[in-house]
Amino acid sequence: MMTLMAREETRTVETRTAMSPTERGTAAALSTPETPPAAGRTRAWATRLVVVGIVLSALNLRPAITSLGALLEEVRDGLGMSGSVAGLLTSVPPLCFAVFGVTAPRLARRFGPAAVVCAGMAAITAGLLIRPYLGSTAGFLAASALALMGIAVSNVLMPVIVKRWFPDRVGSMTGLYSMALALGTSLAAAVTVPLTHAMGGSWRSGLAVWAAVAGAAVLPWLPLVRDRGTAPAQPQGPEQERAAAERHAPLRITRSRTAWALAVFFGLQATAAYITMGWMAQIFRDAGVPAGTAGVLLAVTMVMGVPLAFVIPRVATRLPHQGPIALVLGVCGLAGYAGLYFAPAAGAWAWALLLGISNCAFPLALTMVGMRARSGQGVVQLSAFAQSTGYLISIPGPLLVGVLYQHSGGWGLPIALMAGLMVPQMVVGFLAGRDRTVEDEAVR
């Protein structure tokens, strides 16, 4: 027995000697006393709450936009908007996302990501509740900006929360979040018109009802508002502490070509998405499709993102290069725009499906944000840079479509513009998908 124990001790010493410093630090961390059962239960409860919060928040990140798109004609008539002003209205979302999204990292450092998202959901609730009843275009724009401010900070912080709470499940959790986002987008597009008719035909009631859904998303974050950490606390050795210090050092993100490629890709896909959400129903209505059917077609486009938004991130995380996915999505977009140009009513369902596939560039972009940075701090900076810069890039698109539509008297030029923008989107998407990280490029 003593001989066996001596041999076992010898093997243990040899194993420890063969370990690298990082491996010894990890082993030491794993050999620490286990987390008390009460703390473990609290952590599991908090994790489940975060999952609920992510899903409910994602459901509310687009109804403010797609519900308006379904009733845009009624809102224009009710507030006396011209086509150019309506185009400005469809450009407000990316403008707010760019302006307010860049503040999200600073707010998260001061108050914690959960508290900022909670406040964002409250801002969405207030904005959606009051904007239909302010009685003027300026008031409508101001209240919309309040709701969009809440969406902006939540947009940036969702990938951060996923990376923090689920570092080993970035693909699946990003897929869940993207799927919920697509579901909320499509539901708002599909049911806003029927809800409006059921509530007496007032577009004001049809828009305000979405405030109730946003209010529900505030609740899961309330118990988490005191959580200000950037990562789950874990025991660390000297090697881990030095690595953590390096991870939290600010990056010069603008030095990274991958960050720029991802920002431009994000901007161009956002341009296509907001043009689609703001104008596609109107394109079908002008082609002779009834208003209710046009809303359903927009919903079909958005609902395509529900299954694909879950599948694409999982596939993307298993590939060393995500560029081919960006190319396939771009080809679907070009085919959908060609159909809208040549036969908008005859093949309406096919074009809605193709454009729905193309719009899944958004979950791909979110997934690449998590994959193109190694550290939590890198994800925060890359998410803020890519989304804020991308939304700035996307601002002119919806406005330009409205101006071209008003002055040309048809949809030929706007659709040609949409198709033309799809080509550079495919190029930068391919570049952003290369297997590299912004930390390496920023250091170089």
Would you kindly identify the helices (runs of 4 or more DSSP H) lying entirely within region 98-217 that contain at least 1 residues that are closer than 25 Å to V303 by Cβ and open to solvent by less than 50 Å² (accessible area, probe 1.4 Å)? 113-130, 137-165, 170-198, 203-208
Those residues of region 171-196 that are of a type in the set (S, T, N, Q) and under 14 Å from the mean Cα position of the chain (by Cα) come to a total of 3
Considering residues of region 405-419 that are touching a Phe, Trp or Tyr at 6+ places or on another chain (Cβ under 9 Å) and assigned to a helix (DSSP H, G or I) only, the residue most open to solvent (accessible area, probe 1.4 Å): L413
Taking the criterion of being modelled with pLDDT of 80 or more and open to solvent by 80 Å² or more (accessible area, probe 1.4 Å), would at least one residue in region 64-75 satisfy it? no
Region 380-404, subset within 23 Å of T437 (Cα to Cα) and in contact with a Gly (Cβ under 6 Å, 6 or more places away or on another chain), residue most open to solvent (accessible area, probe 1.4 Å): I393
Given the criterion surrounded by fewer than 24 Cβ atoms within 10 Å (Cβ to Cβ), in contact with a Ser or Thr (Cβ under 8 Å, 6 or more places away or on another chain) and among the polar types (S, T, N, Q), identify the matching residue among T317, T301. T317
Restricting to region 329-344, and then to whatever is among the hydrophobic types (A, V, I, L, M, F, W, C) and surrounded by 14 or more Cβ atoms within 10 Å (Cβ to Cβ), can you tell me which residue is nearest to the chain's Cα centre (by Cα)? L329
Within region 367-420, which residues are within 29 Å of A104 (Cβ to Cβ) and among the hydroxyl-bearing types (S, T, Y)? T367, S375, S383, S388, T389, Y391, S394
Looking at region 345-359, which of its residues are surrounded by 24 or more Cβ atoms within 10 Å (Cβ to Cβ) and touching a Ser or Thr at 6+ places or on another chain (Cβ under 8 Å)? A352, L355, G356, N359
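The values are calculated or read from the model by the stated rules, or taken from the named source; none is laboratory data. Computed from a predicted structure; not experimentally measured. Counting neighbours? That spans all protein chains shown, and the Cβs are built from the backbone with ideal geometry, glycine included. Note: accessible area is taken over every heavy atom of the protein model, side chains too, but ligands, DNA and RNA are not part of it. Shrake-Rupley method; radii C 1.70, N 1.55, O 1.52, S 1.80 Å.
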